[in-house]
Amino acid sequence: MVRMSVLADCLKTISNAEKRGRRQVLIRPSSKVVVKFLRCMQEHGYIGEFEIVDDHRAQKIVIELTGRLNKCGVISPRFDVPYGEIEKWIVNLLPSRQFGHLILSTTYGIMTHEEARRKKTGGKILGFFY
């Protein structure tokens, strides 16, 4: 079957492995967007280390899970989120204001909603995790 979204596949695999109580999970294929999304999750402590395995094809990623992740998902289609509307998306997607992160693809790169607010920029919404 054809993969529609590599990012959606990745996040669903991580979510399922986390629910099953696994310590590691193998993600394939890999992409730049997936790696940057995982970096954001790692910076905030939701996943442990991850290693990119080059198999001369689409690459694989082995992720160490910490057990902190409750839910992660992708927002499709990637809606435009202006700077002023970030709050509306936070209210709709996250369980509380102090908890969880939205990932935006901005002109400054892929970042969380907090970084986007600090830089006073909007972008396209990729997904969320908490």
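Numerical summary
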| read-out | value |
| --- | --- |
| Residue count, segment 100-122 (criterion: open to solvent by 10 Å² or more (accessible area, probe 1.4 Å), farther than 10 Å from ILE86 by Cβ and in contact (Cβ under 8 Å) with a residue 12 or more places away in the chain) | 9 |
| Candidate set from segment 14-32 (those that are surrounded by fewer than 18 Cβ atoms within 10 Å (Cβ to Cβ) and part of a helix (DSSP H, G or I)); member that is farthest from the chain's Cα centre (by Cα) | ARG20 |
| Selection count where residues are over 20 Å from LEU11 (Cβ atoms) and either open to solvent by less than 70 Å² (accessible area, probe 1.4 Å) or under 13 Å from the mean Cα position of the chain (by Cα) (or both), scope segment 57-66 | 0 |
| Any pair with Cβ under 9 angstrom, 6 or more apart, that starts in segment 67-89 at a residue that is under 25 Å from SER15 (Cα atoms) and ends at one that is among the β-branched types (Val, Ile, Thr) and assigned to a helix (DSSP H, G or I) | LEU69/ILE14; CYS72/ILE14 |
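The values are calculated or read from the model by the stated rules, or taken from the named source; none is laboratory data. Bear in mind that the values here come from a model prediction, so they are computed numbers and not experimental data. All Cβ positions, even for glycine, are placed from backbone atoms using ideal geometry, and neighbour counts span all protein chains on display. Accessible surface areas use protein heavy atoms only, side chains included; no ligands, DNA or RNA. Shrake-Rupley method; radii C 1.70, N 1.55, O 1.52, S 1.80 Å.
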